[in-house]
């Protein structure tokens, strides 16, 4: 599972368009399992959720999924089962007879997710998949995507939500100015203990004693922000506790992916 992150205009959508065969590259080649994208898609299909679904708004939810199942080359005898399966997966059964123009933005996004799940595909592409989803369905989306993991399946997620990518992906490609600036191994970055980073600590008692253990620490009320590697952080906290401090929380000031993104884009 690979993420694509980058500022607006970095080239994320262009990259996806080339992977899906909508645009040819100006130079070089794009291959899916050794094939030209259009050839691969014509043979096997790709599950794709675009950032904005553009389906005729006079269609009903059931009608849209029936038509999209036909376009996905699902056998006629299997279409009803596929439609009911995805309606249940994304929880839009109560809206099945509604016209799309009556759906909220979040429910339209869930319909888009449903159509991407109609057929079993080896390549899955999500472009801003949680756009418009409420917190409950954002969490449900994570569960659905986790269930799509398979040894012979590639999943690509483009998103501005770095927290989402860090939770879901194995690697994240950071794109800026039309180039991949850095590829971050999310698990490896999160476990890098010897690298100094910014931390945000809260102390119920002894905030000043805690701040005194770190150079360049700043204090704001009951919160101390400092820079240290994991070992230095633990030493400083232990010394502050020995002096009577009560620490209520320890968190990175920014995630490892946020830090990598900021560094790569600034460079």
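Could you point to the label whose value was computed as semi-axes √(5λ) of the Cα gyration tensor in Å for the structure here, given [x] 44, 23, 15; [y] 31, 19, 18; [z] 24, 23, 19?
Among [x] 44, 23, 15; [y] 31, 19, 18; [z] 24, 23, 19, the one calculated here is [x].
Give me the percent relative contact order of the range 46-145, please, defined on Cα pairs under 8 angstrom at least 6 residues apart.
Details: 120 pairs, mean separation 43.3, N = 100.
After rounding, I find 43 percent.
Would you compute, for the Cα atoms of the range 99-244, the largest minus smallest coordinate along each principal axis and list the three values in descending order, in whole Å?
Computed over the Cα atoms, the extents are 63, 34, 31 Å.
State the extension gain, in nm to one decimal, for the chain segment bounded by residue 195 and residue 30, taking 0.36 nm per residue of separation less the distance between their alpha-carbons.
Stretched out fully, the residue 195 to residue 30 stretch lengthens by 55.8 nm.
With contacts defined as alpha carbon pairs under 8 Å and 6 or more residues apart, what's the relative contact order of the range 192-266 in percent? Each step should come with its number before you reach the end.
On the way: 123 pairs, mean separation 30.1, N = 75.
RCO, the range 192-266: 40 percent.
Explain nothing, just the number: relative contact order of the range 2-189, from Cα pairs under 8 Å at least 6 residues apart, as a whole percent. Don't skip to the answer; put the middle values down first.
Working: 270 pairs, mean separation 61.0, N = 188.
Rounded, it is 32 percent for the range 2-189.
So what's the angle, to the nearest 10 degrees on a 0 to 90 scale, between helix 105-116 and the longest Cα principal axis of the chain?
60
Sort 204-213, 18-27 for me by packing, meaning the mean count of neighbouring Cβ atoms within 10 Å per residue, highest on top.
204-213, 18-27
With angles folded into 0 to 90 degrees, how steeply does helix 256-266 sit against the dominant principal axis of the chain? Use alpha carbons for both and round to 10.
Orientation of helix 256-266: about 80 degrees from the principal axis.
Taking the alpha-carbon set of the range 38-94, what are its Rg and Dmax in Å?
Gyration radius and largest Cα-Cα distance of the range 38-94: 12.3, 38 Å.
I'd like the distance separating the alpha-carbon centroids of the range 11-53 and the range 139-208, in whole Å.
The range 11-53 and the range 139-208 have Cα centres separated by 24 Å.
Mean residue ellipticity at 222 nm from the helices of the chain, using -39,500 (n - 2.57) per DSSP H segment of n ≥ 4 over the full residue count, to the nearest 500 deg cm²/dmol?
-12000 deg cm²/dmol
Each reported figure results from applying straightforward, stated rules to the coordinates on display, with no laboratory input. In this text the structure is predicted, and so the values were computed from the model without any measurement. All Cβ positions, glycine included, derive from the backbone under ideal geometry; neighbour counts span all protein chains shown.
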